[in-house]
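Down below is the structure, laid out as structure tokens.
The values are calculated or read from the model by the stated rules, or taken from the named source; none is laboratory data. Since this is a predicted model, take the numbers as computed values, not measurements. Please note: Cβ atoms are built from the backbone with ideal geometry, for glycine as well, and neighbour counts cover all protein chains shown.
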Amino acid sequence: MEHTPSLFDPVLETPAIKSIAKKPRSSSVCPPELVQIFEVEYRELRPRAPMPAFDIRFRRFTSLNTTIRLREGRLHVRLSDLLELAPESVHQAIAHILLAKLYKKPIASNHADRYRRHVSSEAVSRQAEHIRQTRGRKRILTSVGHRFDLNEVFDSLNTRFFHGLLGKPVLTWSAHHARRMLGHYDAAHNTIVISRVFDRPDTPRCAIEYLLYHEMLHLKHPVRVKAGRRCVHSREFQAEERLFPQLEEAKAYLRRL
């Protein structure tokens, strides 16, 4: 059975935003030095196992996606081309993390921290945001649902909580009745997506208002990086979230879904 761990598995961090990626148009074979890095990390993790062949390539992904697959005794590694010029220590961290995930070994904290610091740096963050905008596309459906109009709900919340000063992003219902990701704000495409599971007559208005209010707070309080870690819900964010008057009622409804 094929297994595909990624550096963005929950052990590190999972971006809440998803793009519909265009198919990567090209790839490049990595230099022998990188193969050697993976071989060294493999031997550290599996000192007595036979050394597999490595097929490592850089791909034009729409994000920093990085994966490893085991097929017929061969390890296939695909790295975002944004990581091609990363320092050797970062390549070592990537090799360690991917191999540790694949073989269910503990991930060394120094490697995890080194990788986080690199991808959270201002330069890499800017590059990642740029390629998400230029290589990816967002599936936009409609803001008008059967029960709720997201534009109307946004305008109401903007007036009540933001003095009408919050710039309106693209608003859309999701394509599917998702229950795992109820809503998210995609900063790269300036889009708020709300799960269509809420567009039905028995959904209380406080629930859809709370969901949209939460995502609007992401516009006001963008993700920050502190000590190499992404801070998605800052203290200011959480304090404003508690100002929603029907917070407990809305959360209780979400828990029943």
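Summary table below
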| quantity | calculated |
| --- | --- |
| Enumeration of residues in region 195-218 that are at pLDDT below 90 and either within 29 Å of ALA128 (Cα to Cα) or not assigned by TED's automatic domain parsing to the domain that holds VAL170 (or both) | SER195, ARG196 |
| Positions within region 66-80 being within 16 Å of HIS96 (Cα to Cα) and not hydroxyl-bearing (Ser, Thr, Tyr), in sequence order | ILE68, ARG69, LEU70, LEU75, HIS76, VAL77, ARG78, LEU79 |
| Test result for LYS105, touching a Pro at 6+ places or on another chain (Cβ under 6 Å), touching a residue at least 40 places away in the same chain (Cβ under 8 Å) and within 30 Å of MET51 (Cα to Cα) | no |
| Residue match in region 134-155 (condition: polar (S, T, N, Q), free of Cβ contacts under 8 Å to residues at least 24 places away in the same chain, exposed (fewer than 14 other Cβ atoms within 10 Å of the Cβ) and farther than 28 Å from HIS189 by Cα) | no |
| Scan of region 78-105 for residues that are small (Gly, Ala, Ser) and either outside the structural domain of PHE38 (by TED's automatic domain parsing) or surrounded by fewer than 21 Cβ atoms within 10 Å (Cβ to Cβ) (or both), ordered by number | ALA86, SER89, ALA100 |
| Any helices (runs of 4 or more DSSP H) falling wholly within region 38-141 and containing at least 3 residues that are within 22 Å of the chain's Cα centre (by Cα) and closer than 30 Å to ARG196 by Cα | 122-135 |
| Among the candidates ARG69, ARG59, ARG46, residue that is surrounded by 13 or more Cβ atoms within 10 Å (Cβ to Cβ), under 27 Å from ASP186 (Cα atoms) and charged (D, E, K, R) | ARG59 |
| In region 162-189, the residues that are surrounded by fewer than 18 Cβ atoms within 10 Å (Cβ to Cβ) and touching a residue at least 24 places away in the same chain (Cβ under 8 Å) | PHE162, LEU166, GLY167, VAL170, ALA175, ARG179, MET181, ALA187 |
| Looking only at region 192-206, and only at residues there that are out of contact with any Pro (no Cβ under 6 Å at 6 or more places or on another chain) and within 16 Å of ASN158 (Cα to Cα), the one that is surrounded by the most Cβ atoms within 10 Å (Cβ to Cβ) | CYS206 |
| Cross-chain or 6+ apart pairs with Cβ under 9 Å, region 39-56 first and touching a residue at least 24 places away in the same chain (Cβ under 8 Å), then charged (D, E, K, R) | LEU45/LYS105; ARG46/LYS105; ILE56/ARG78 |
| Entirely in region 154-257, the strands (runs of 3 or more DSSP E) that have 2 or more residues that are within 24 Å of SER125 (Cα to Cα) and within 23 Å of the chain's Cα centre (by Cα) | 183-186, 191-194, 224-226, 229-231 |
